[in-house]
Amino acid sequence: MHDKTLTQLAKALGSGELSSRELTEHYLQRIQQSGAILNSFITVTADQALERADAADQARAKGTASLLTGVPLALKDIFCTQGIKTSCGSRMLDNFDAPYDATVVEKLKTAGTVTLGKTNMDEFAMGSSNENSYYGPVKNPWDLTAVPGGSSGGSAAAVAAGLTPAALGTDTGGSIRQPAAFCGITGLKPTYGRVSRYGMIAYASSLDQAGPMARSAEDCAHLLNVMAGHDVRDSTCVARGVPDYAETLNAPLSGLKIGLPIEYFGEGLDPEVEKAVREAVSVYESLGATVRDVSLPHTHYAIPAYYVIAPAEASSNLSRFDGVRFGYRCDDPSDLIDLYKRSRAEGFGDEVQRRILIGTHTLSEGFFDAYYTKAQKVRRLIRQDFLDAFEDVDVLMGPASPTPAFDLGAKKDPVSMYLQDIYTIAVNLAGIPGISVPAGFAGGRPIGLQILGTHFAEAQLLNVAHQFQQTTDWHLQRPDFAEESA
Amino acid sequence: MALEDSHVRRAAHLARIAVSDDQASGFVEDLSRILDMVDQLQGVNTDGVAPLAHPLDATQRLRADEVTETNQRDTFQRCAPAVENGLYLVPRVVE
């Protein structure tokens, strides 16, 4: 069962070939058998999942089911879930039971999906390797000595290992696309504002966006159909109609204009990654697409701009964790200031503290204009680069990450870790959508092709990704881990 | 712009994070490296460029000034570390 895509499983549920209970029990058993090796789950919700599965089977019997009714899913532990712990990968929220569901969680529940559990992640979504989790690192099912990427590393590893057919992730600087690339799955970051952020614990509010992570673009299309749409509870969520993303998957690609940003094929790119990406591009040429080089001249400034804007927003967002209203509180505080300071020092890990301090410093008197205002101006230039490119081409293609997954423990210096996100971070600054699709291997570790479109071009990205997956089978490859633990 | 120990201590105080002397020197080192990388921004000509706060240049939507929330104090206080009679408990502030 676990070698099937979510779309195939949904069809099997629809035809009565499978029950949601059978399917849910199967995945729960797989999580129990091999979950500890990968450490991809923080919380497994077996009892609730089986209850939901039975309810889904009843809905099927009554004829009130929708396409995804009874399909099991995992949620990154950043989405608030009523009655189930929401830790955000942090000691700060190890005891946090959210009083409400996130909007996307509510939408998925309404669609009848079954939540298997909450997946591991870098603390407060700050990281590119999943090594910053209070609950320990996640391992990559393709190679247990490699990281799964981050920050949605648990979601990516769980999908790749066949512990769930799909999972939700969030992406602030690449946190869906990079782990999807490292684990050989398909991951979509929608346009900023396409999916509600209500109940999704905020890291950098002008960059954060939730998206689906699954085996195929088709799976992602069905999930986005449920996730996307206006929400009055998120003032940045865009009031714009949601197309049926599955309907346009089979549109032909002849005449598609592809741009290759020259800055994405320069120094620092692993030659095997480059080879795989260029081979993927040639597949598109054989499907009738035309290819040309384009330039995104401010690419080099995306990481510096991000490391002003994201920490500044984080320092403000994370001020709510004060040891008073929810979350961790230190023992025996001597006074109120001591309560705040020690609760936060003991509750937050190193990387979170670094980013709060950077953000607080760059926003402070005497530094604000030189850092924050400057970074916001550069952000406009970065966005303009993309808008200019999309005047000439339909989509951009390049690598999702400069290398395949690196070894656990390999990047100790924070800045060297930050540089990993060179091809993904500008996309969040510009607010455009991006998808990573499996496109090959180097040394047994997967390689991701990243496809970018202009604002609200999700349907096109999914179509372009799906057509690639009709011609290639990289997305169907499975790590031995998934088979051995079967 | 070189980062000094006093900058880190000021930021830590403003952010309400307790930092020991040992940790402060580690933060000075890490944060300096990050800010050195960030300083590349100074090389970009941004004359006449307006800052971009929202990727879609959207402005905040307004709604009618009506009460839409119900009182959920008890629910919200269930996840608090210490409450009594509907109040959050903290160390004594006023003697």
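Provide a whole-number value for the mean count of partner chain Cβ atoms within 10 Å of the Cβ atoms in peptide A:301-314.
3
Take each complete run of DSSP H in chain A, measure how far its Cα atoms stretch along the helix's own axis, and keep only those covering 18 Å or more with mean Kyte-Doolittle hydropathy at least -1.0; list them. It would help to have the intermediate numbers written out before the result.
Details: long enough: A:20-38 (26 Å, -0.61); A:46-62 (24 Å, -1.03); A:271-286 (23 Å, -0.41); A:302-317 (22 Å, 0.49); A:350-363 (20 Å, -0.26); A:374-392 (28 Å, -0.88); A:458-471 (20 Å, -0.48).
Helix filter hits for chain A: A:20-38, A:271-286, A:302-317, A:350-363, A:374-392, A:458-471.
Do any GluC sites (Glu not before Pro) in region A:247-343 lie in a DSSP loop with no more than 16 other beta carbon atoms within 10 Å, and if so, which?
Numbers: sites: A:E247, A:E263, A:E267, A:E272, A:E274, A:E279, A:E285, A:E313; in loops: A:E247, A:E267.
Counting only loop positions with at most 16 other Cβ atoms within 10 Å, the GluC sites (Glu not before Pro) in region A:247-343 are A:E247, A:E267.
Please return the longest range in chain B lying between exposed loop sites, taking trypsin sites (Lys or Arg not before Pro), DSSP loop only, at most 16 other beta-carbon atoms within 10 Å, and leaving the sites out.
B:1-60
Please give the Cα centre distance for region A:1-54 versus region A:221-267, rounded to the nearest Å.
Value for the Cα centre distance between the two parts: 27 Å.
Would you mind classifying region A:419-486 by shape? Square roots of the alpha carbon gyration tensor eigenvalues, ordered a ≥ b ≥ c; an a/c under 1.5 is rounded, otherwise it is prolate if a/b is larger than b/c and oblate if not.
oblate
Please give the peptides A:132-142, A:178-188 ranked by average Cβ packing (other Cβ atoms within 10 Å per residue), highest first, as a rough proxy for protection.
A:178-188, A:132-142
Given points 7 Å out from each Cα along the Cα-Cβ axis, report the B:R61 to B:L89 separation in nanometres with one decimal.
Placing both labels 7 Å beyond Cα along the Cβ direction yields 4.2 nm.
Divide by every residue of chain A the summed helix terms, -39500 (n - 2.57) for each DSSP H run of at least 4, and state the resulting mean residue ellipticity at 222 nm, rounded to the nearest 500 deg cm²/dmol. Numbers along the way, then the final one.
Values: 16 runs with 187 residues, N = 486.
Rounded to the nearest 500, it is -12000 deg cm²/dmol.
How far is it, in nm, from the label point at B:T68 to the one at A:S334 when both lie 7 Å from their Cα along the line to the Cβ?
Once both label points are built, they end up 4.6 nm from each other.
May I have the extent of the alpha carbons of region A:167-304 along their three principal axes, as whole Å values ordered from largest to smallest?
Taking the Cα atoms of region A:167-304, the three principal extents are 44, 39, 27 Å.
Summarise the partner chain shielding of B:40-48 as one whole number: the mean count of Cβ atoms from other chains within 10 Å of each residue's Cβ.
Mean shielding by partner chains, rounded to a whole number: 5.
Does region A:224-303 come out rounded, prolate or oblate, given a ≥ b ≥ c as the square roots of the eigenvalues of its C-alpha gyration tensor, rounded meaning a/c under 1.5 and, failing that, prolate meaning a/b above b/c? Could the numbers behind the result be given before it?
Numbers: a/c = 2.63, a/b = 1.43, b/c = 1.84.
It is oblate, given that a/c is not under 1.5 and a/b is not larger than b/c.
If packing is taken as the average count of other Cβ atoms within 10 Å, what order do A:411-420, A:55-64 fall into, highest mean first? Walk me through the numbers before you get to the answer.
On the way: A:411-420: 16.4, A:55-64: 14.6.
Descending packing order for the listed peptides: A:411-420, A:55-64.
Which one, B:V19, B:N45, B:T68, projects farthest toward the positive side of the charge dipole computed for chain B from Cβ point charges (K/R +1, D/E -1)?
Value: B:T68.
Would you order A:D171, A:D101 from fewest to most other beta-carbon atoms within 10 Å of each residue's own beta-carbon?
A:D101, A:D171
In degrees between 0 and 90, to the nearest 10, how far off the longest principal axis of chain B does helix B:5-14 point, with axes built from Cα atoms?
20
Filter the GluC sites (Glu not before Pro) in region A:361-458 down to the DSSP loop ones having no more than 12 other Cβ atoms within 10 Å, then list what survives.
Answer by residue number: A:E365.
Any chance you could tell me what percent of the C-alpha pair distances in region A:97-216 go past 23 Å?
23
Antiparallel DSSP bridges in the protein assembly as shown: what percent, to the nearest 5?
Counting only bridges with both partners in the protein assembly as shown, antiparallel ones make up about 70 percent.
Compute the semi-axes of the equivalent ellipsoid of region A:377-419, taking the square root of 5 times each eigenvalue of the Cα gyration tensor, and list them largest first in whole Å.
After scaling each eigenvalue by five and taking roots: 30, 16, 4 Å.
If you average the C-alpha positions of region A:417-486 and of region A:77-153 separately, how far apart do those two centres end up, in angstrom?
Using only Cα atoms to place each centre, the spacing works out to 20 Å.
What distance in nm lies between label points placed 7 Å from Cα along the C-beta direction at B:D36 and A:D388?
3.1
With Kirkwood's inverse mean 1/r over C-alpha pairs for Rh, give me the Rg to Rh ratio of chain B, two decimals please.
1.15
When the Cα centres of region A:365-395 and region A:270-346 are compared, how far apart do they sit, in Å?
Each part reduced to its Cα centre gives a spacing of 16 Å.
Suppose only helical runs count, i.e. DSSP H with n ≥ 4. What mean residue ellipticity at 222 nm does that imply for chain B under -39500 (n - 2.57) per run, divided by all residues and rounded to the nearest 500 deg cm²/dmol? The partial results should precede the final answer.
Working: 3 runs with 33 residues, N = 95.
Value at 222 nm, helices only, nearest 500: -10500 deg cm²/dmol.
Which angle between 0 and 90 degrees, to the nearest 10, do you get for helix B:21-38 versus the longest principal axis of chain B when only C-alpha atoms count?
60
With N denoting the number of residues in chain A, provide Rg(C-alpha) divided by 2.2 N^0.38 Å, to two decimal places. Don't skip to the answer; put the middle values down first.
Working: Rg = 21.1 Å, N = 486, 2.2 N^0.38 = 23.1 Å.
Dividing the Cα Rg of chain A by 2.2 N^0.38 Å gives 0.91.
Restricting everything to alpha-carbon atoms, can you work out Rg to Rh for region A:20-134 with a Kirkwood hydrodynamic radius? Each step should come with its number before you reach the end.
On the way: Rg = 14.6 Å, Rh = 14.6 Å.
My calculation of the ratio gives 1.00.
Expressed as a whole percent, how much of the Cα-Cα distance distribution for region A:183-250 exceeds 14 Å? Show your work: numbers first, answer last.
Values: 1330 of 2278 pairs.
Within region A:183-250, distances greater than 14 Å cover 58 percent of Cα pairs.
Too long at a 26 Å Cα-Cα cut-off: which of A:K374/A:K411; A:K4/A:K139; A:K275/A:K411; A:K4/A:K107; A:K62/A:K107?
As for pairs spanning more than 26 Å Cα to Cα, those are A:K374/A:K411.
Each value in this text was obtained by applying a stated rule to the coordinates, not by laboratory testing. Source: prediction; values computed, not measured. Virtual Cβ from ideal backbone geometry, glycine too; neighbours counted across all protein chains shown.
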